[in-house]
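Q: To start, I am sharing the structure in question, which I have written as structure tokens.
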Amino acid sequence: MQRNVAELARPLPLEDVRAGTTLSAEQVRMPLSVAEHHRDGPLWVLALATGARQSELVGLRRSDVDLERGSLTIARSIASGDCRPRSGWRPEELARRAW
């Protein structure tokens, strides 16, 4: 190898880095109140609680959820195509399933 191109990399100037934004309590309350009555509500709650992207949420499988440990593993995302939630993620359906 004649040269290491990684040596050409330079950090971004601080002014180019965007500060993250967070929602206020009031901004979170509204979608949560609607989520109780919407078929995609559990995904909204999960998105607000974890910060997961829509593509990550629709890529979830039941095997990514560990109810005993209370953990969720985001191992894939759906980059394009149909991003409707998979069936089986509504709380009443989760309660009936044998994990």
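Q: Taking only pairs six or more apart or across chains, which ones have beta-carbon atoms under 8 Å, a first residue in region 49-72 that is over 27 Å from residue 27 (Cβ atoms), and a second residue that is hydroxyl-bearing (Ser, Thr, Tyr) and modelled with pLDDT of 90 or more?
A: 64/73; 66/73
Q: Here is a further query. How many residues does region 38-80 hold that are surrounded by 13 or more Cβ atoms within 10 Å (Cβ to Cβ), charged (D, E, K, R) and part of a helix (DSSP H, G or I)?
A: 2
Q: Follow-up question, since we're still on this one. Quick check, is residue 95 at pLDDT 80 or above and either more than 20 Å from the chain's Cα centre (by Cα) or surrounded by 10 or more Cβ atoms within 10 Å (Cβ to Cβ) (or both)?
A: Taking the combined requirement at face value, the residue does not satisfy it.
The values are calculated or read from the model by the stated rules, or taken from the named source; none is laboratory data. If you're wondering where the values come from, they're calculated on a predicted model, not measured in any experiment. Cβ atoms come from the backbone with ideal geometry, glycine included; neighbour counts cover every protein chain shown.
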